[in-house]
Amino acid sequence: MLNKLNVESVDVKGKRVLVRCDFNVPLNDKQEITDDTRIVAALPTIEYLIKNGAKVILCSHMGKPKGEPKPELSLAPVAKKLSEKLGKDVIFAADDNVVGDNAKAAVAAMSDGDVVLLENTRYRKEETKNVETFSKELASLADVFVNDAFGTAHRAHCSNVGVSALVKPAVAGYLIEKEIKFLGNAVNSPERPLVAILGGSKVSTKISVIENLLKKVDKLIIGGGMAYTFFASQGKTIGNSLVEPDYIDYAKKMLDEGKDKLVLPVDTVITEKFDNDAPSKVVEDNIPDGWMGLDIGPKTIELFKSVLADAKTVVWNGPMGVFEMPNFAKGTNAILDLLVDLDATTIVGGGDSVAAVNQAGAGDKMSHVSTGGGASMEFLEGKELPGIAALDDAE
Ligand code: AMP
C-alpha cells in the first residue's frame, strides 16, 4: 500500500495546485497524438481537482528536447487533447522558459476550477539535473503539489523530486496510487499463486527483475529472446538465436537457484531469416546451425497455460517472441488471450508487453496496465522510486 498522503487529504478549494503529469505521448510528424493512453490515465486526478475548486496547473515533459525549446516537442497538442477530454478549455501557457512571464500571467489570471498547462519541463536544462533554480520557479506557482507522473517516478527531476521539497503539502495523485496499489500488492502481498512472465530480448536488462522476483513468486516463466541464453547455459545449441554470452554463467546460476520456480520453453519456432515471411518450423531442444528462434512453440504455450491455470496474481513483462511480426506473434498473443480469460489479478508491467496488449486492444481486459515502462521495471526490481519517496508520508 502507498504510505503517502494522497490528493484527497488536502483541502484544495481556491488553492493553486501544481500537478506533475506524464503527458509524454507519441506524436506523428503532423504533431498529432497517436496514443492518448497517458492523457486518459491522468484525467481522474485532474477532474477531482476541478470539481473541488482548485486552480489546476499541469506540467509534464515530452520526449528529449535536451534543455532547450524544440517546437516539435511542445505540449500544445496535449492542451488541445485535454480540452476535448475534459470538455472545458485548457489554457496552454506557451513559454520557452516554462515558468516565464507568460506562464506567470496565465496562472495569475486563473479562477477556481480553471486549468492551465505549462510548456515541456525539459525545455529547461535544469529539469533532469534536479537543479534548485527551476524547482523554485515551479514552486513559486503553487500552494499544493500533486505528483501523478508514474512514468517518471524512477527519476529525480525538478518537476517531481525538487518541487516536492519546496511545496507543502506534496501528495500523490490517483494514478500513482493505482500503480503502486497493483504493482505493490503483486510484489509484496499477492494473492497466491503468484506467477511472473518475463520475456523480451535481453537477460542483461532484466537481471535485477529476475533476482527480485525469484524471491517473491511461486513460478517464473521465461520466454522471448532471453530464453536462449538460458538454453545455452543448459548446453543446448541455439543456432543464430539471440544470446548474451557474458550472461550464460549467470543464467546457469539462476537455473540452479530457482530450479523449482523457473519455467523455460520446451519448443521453439525457428527460421533462417529475420523476416515475417521466411519459412519456419518448430523444434524441441536443440536449434540447428543457421536457424534462429523467434517465438515460443505450441507445446510451450500449453506448458505455460498449465502453469498459469491456477494463478491468482500474474505479472507480465516482455513479449514471448518477435511480436511485431505477425507470424512470430502467436506466443505473445496466446499469453495475452490466456490472461484475458484468467480469473486472477493480471498486471502488465511496462515496455513492449504493454505495446502488445494495446496492439490487441486488450488493455481494459487486464486488471492493470502500467503507464510507466522504466518505473514499473525499477519497481519490480525492488528499488525505491525517488518521485514517490519525496512525497509527504501518511500519518
Ligand atoms: P525488451 O525491450 O528487452 O523487453 O525486448 C522487446 C523486444 O524483444 C521486442 O522488440 C521483440 O521483438 C524482441 N524479441 C522477443 N523475442 C525475440 C526473439 N526470440 N528474437 C529476437 N528478438 C526478440
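The values are calculated or read from the model by the stated rules, or taken from the named source; none is laboratory data. Here the structure is a predicted model, which is why all the values come from computation and not from measurement. Cβ: placed from backbone, ideal geometry, glycine included. Neighbour counts: every protein chain shown.
Taking the stated definitions as given, is Val19 assigned to a helix (DSSP H, G or I) and either touching a helix residue (DSSP H, G or I) at 6+ places or on another chain (Cβ under 8 Å) or in the same structural domain as Asp364 (by TED's automatic domain parsing) (or both)?
Criteria not met by Val19.
Yes/no per residue for (1) at positive phi; (2) out of contact with any strand residue (DSSP E or B) (no Cβ under 6 Å at 6 or more places or on another chain); (3) assigned by TED's automatic domain parsing to the domain that holds Ala309:
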| site | (1), (2), (3) |
| --- | --- |
| Ala139 | no, yes, no |
| Gly151 | no, yes, no |
| Gly162 | no, yes, no |
| Leu166 | no, yes, no |
| Pro193 | no, yes, yes |
| Thr205 | no, yes, yes |
| Ile210 | no, yes, yes |
| Leu213 | no, no, yes |
| Ile238 | no, no, yes |
- Item | Elements of type helices (runs of 4 or more DSSP H) contained in the range 164-272, each with 2 or more residues being acidic (Asp, Glu) | 174-188, 248-257
- Specify which of the listed residues (Lys88, Lys81, Lys66) is in a loop (DSSP other than H, G, I, E, B) and within 19 Å of Asn24 (Cβ to Cβ). Lys66
- Message: Please go through the range 53-93 and give me each residue that is buried (at least 20 other Cβ atoms within 10 Å of the Cβ) and among the charged types (D, E, K, R), ordered by number.
- Response: Lys55
- When the range 167-214 is checked residue by residue, the ones that are closer than 30 Å to Tyr228 by Cα, buried (at least 24 other Cβ atoms within 10 Å of the Cβ) and more than 16 Å from the ligand (Cβ to nearest atom) are Ala186, Val195
- Note on the structure: Within the range 307-362, the count of residues that are in contact (Cβ under 8 Å) with a residue 24 or more places away in the chain, in a loop (DSSP other than H, G, I, E, B) and within 12 Å of the ligand (Cβ to nearest atom) comes to 11
- Message: Can you pull out every residue in the range 303-340 that is surrounded by fewer than 18 Cβ atoms within 10 Å (Cβ to Cβ) and under 23 Å from Lys181 (Cβ atoms)?
- Response: Lys312, Val340
- Query: Tally time: how many residues in the range 231-241 are under 19 Å from Leu220 (Cβ atoms) and under 29 Å from the mean Cα position of the chain (by Cα)?
  - Reply: 1
- Message: Can you pull out every residue in the range 105-125 that is touching a helix residue (DSSP H, G or I) at 6+ places or on another chain (Cβ under 8 Å) and either without any contact (Cβ under 8 Å) to a residue 40 or more places away in the chain or of a type in the set (A, V, I, L, M, F, W, C) (or both)?
- Response: Val115, Val116, Leu117, Leu118
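Mind counting the residues in the range 227-243 that are over 20 Å from Thr332 (Cα atoms), away from the ligand (no atom under 11 Å from the Cβ) and crowded, with 18+ Cβ neighbours inside 10 Å?
Qualifying residue count for the region: 3.
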- Going by the conditions given, is Val283 in a strand (DSSP E or B), free of Cβ contacts under 8 Å to residues at least 24 places away in the same chain, away from the ligand (no atom under 11 Å from the Cβ) and among the β-branched types (Val, Ile, Thr)? yes
